[in-house]
Amino acid sequence: MTAHGLTDWLEPRLASAAALARRKQAAAPGVVDRMALGIDLGTSDVVSMLVDAEARPLAVRLDWADVVRDGIVWDFFGAVRIVRQQLDALKAWAGGELPKAAVTSFPPGTDPRISINVVEAAGLDVAGVIDEPSAVAAMLRLDRAAVVDIGGGTTGIAVVDGGKVVYSGDEPTGGHHVSLALAGHHRIPLEEAEALKRDERVRRDTEVWPVVRPVFEKMAAIVQEHLRGPARGHPVDTLYLAGGSCALPGVESLFAQMFRDMRVVLPRHPLFLTPLAIAAHGISQGGTA
Ligand SMILES: Nc1ncnc2c1ncn2[C@@H]1O[C@H](COP(=O)(O)OP(=O)(O)OP(=O)(O)O)[C@@H](O)[C@H]1O
Ligand SMILES: [Mg+2]
């Protein structure tokens, strides 16, 4: 099976997910033949995504939320409430019934039962559960590559060799630490630092990249330690970047500098890569009519 291309396959799907999340509407009302539903419970946000059999997003709902910390759902009822609201919204936008089962995920090294419990408490069956970087590797049909998912609270690393995930790890550093560095440097509240980081217009007038670069250097160094340490038996020549934190200008070129012997791939809208991969995993589990 050949890998899915970046510009012809992946980026149109990510762009469509971003547009659907922004517009808060469905791609086309009505029930599609085979659909799959994915739920990503992240440290910064909860994303529910409905896709068709070709993994094209049909409806997406993203809520910034503080229900997961260090890969653990610490506000269980808050998480369930958000997922329920998202399912109601998806149902309305999709103009019909949703699949009765969803795929959910977990950072490598954490307990998948926590996400499963949230999905079940929200009234769904669990069609599958997969660790996050592995979901990305599987969706892209990677043969030999590393996936680095820099989210809000964690950085997930997966190494694929011969089409199989042979190593995965997770580190407790992510976008939250980037915001902390910004807040500390500019002496502004954390919420303001978050907004500053995410909004291109605000960012233009304030020093951002030089302040946060050391945080990303640390993350890249940690990734190097994983690849050269426990994963050294599986050398890779391509590194895929995922996760919302990679959207910050400067991240791609920093990784390219620190991984000179590899091709570094950063798709546009990396925030939606893992949620898309989780939903796409539902297709491989059979989808739901
Ligand atoms: N345009 C942007 N520029 C910079 N950072 C961004 C941008 N958009 C989102 N982020 C950051 O990305 C992070 C959220 O990414 P993502 O949704 O991948 O994380 P998550 O899945 O919630 O967290 P985790 O995977 O660690 O549990 C937040 O820290 C957010 O500030
Ligand atoms: Mg994530």
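The values are calculated or read from the model by the stated rules, or taken from the named source; none is laboratory data. The shown structure was predicted, so the numbers you read here are calculated from the model rather than taken from an experiment. Ideal geometry is used to build each Cβ from the backbone, glycine not excepted, and the neighbour counts take in all protein chains shown.
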Pairs where the first residue, in the stretch 228-247, is closer than 15 Å to V136 by Cβ and the second is among the hydrophobic types (A, V, I, L, M, F, W, C) and within 14 Å of ligand 2 (Cβ to nearest atom), C-beta under 6 Å, 6+ apart: Y240/V147; L241/V148; A242/V136; A242/L273; G243/I150; G244/L271; S245/I150; C246/I150
Residue under evaluation G38, criteria (1) out of contact with any Ser or Thr (no Cβ under 8 Å at 6 or more places or on another chain); (2) among the small types (G, A, S); (3) at pLDDT 95 or above; (4) outside any loop (DSSP other than H, G, I, E, B), criterion not met: (1)
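What residue, of F272, F255, is over 22 Å from E54 (Cα atoms), touching a residue at least 12 places away in the same chain (Cβ under 8 Å) and in a helix (DSSP H, G or I)? Spell out the reasoning first.
Details: F272 fails: over 22 Å from E54 (Cα atoms).
Answer to the check: F255.
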Residue within the stretch 138-155 that is touching a Leu at 6+ places or on another chain (Cβ under 8 Å), over 15 Å from L241 (Cβ atoms) and not in a loop (DSSP other than H, G, I, E, B) present: no
Verdict on A59 being assigned to a helix (DSSP H, G or I) and among the aliphatic types (A, V, I, L, M): no
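Does the stretch 237-268 hold any residues that are among the polar types (S, T, N, Q) and within 16 Å of ligand 2 (Cβ to nearest atom), and which are they? Please lay out each step first, then the result.
Step one: list which residues in the stretch 237-268 are among the polar types (S, T, N, Q), which gives 238, 245, 253, 257.
Across the stretch 237-268, the qualifying residue is only S245.
Among the residues of the stretch 148-196, how many are free of Cβ contacts under 8 Å to residues at least 12 places away in the same chain and farther than 18 Å from P270 by Cα? Before the answer, list the steps.
Here is the first cut: in the stretch 148-196, the residues free of Cβ contacts under 8 Å to residues at least 12 places away in the same chain are 164, 183-184, 187-192, 195.
Still in the list and also farther than 18 Å from P270 by Cα: 164, 183-184, 187-192.
So the count comes out to 9.
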Residues located in the stretch 38-54, provided they are over 15 Å from the mean Cα position of the chain (by Cα) and either surrounded by fewer than 24 Cβ atoms within 10 Å (Cβ to Cβ) or among the small types (G, A, S) (or both): D52, A53, E54
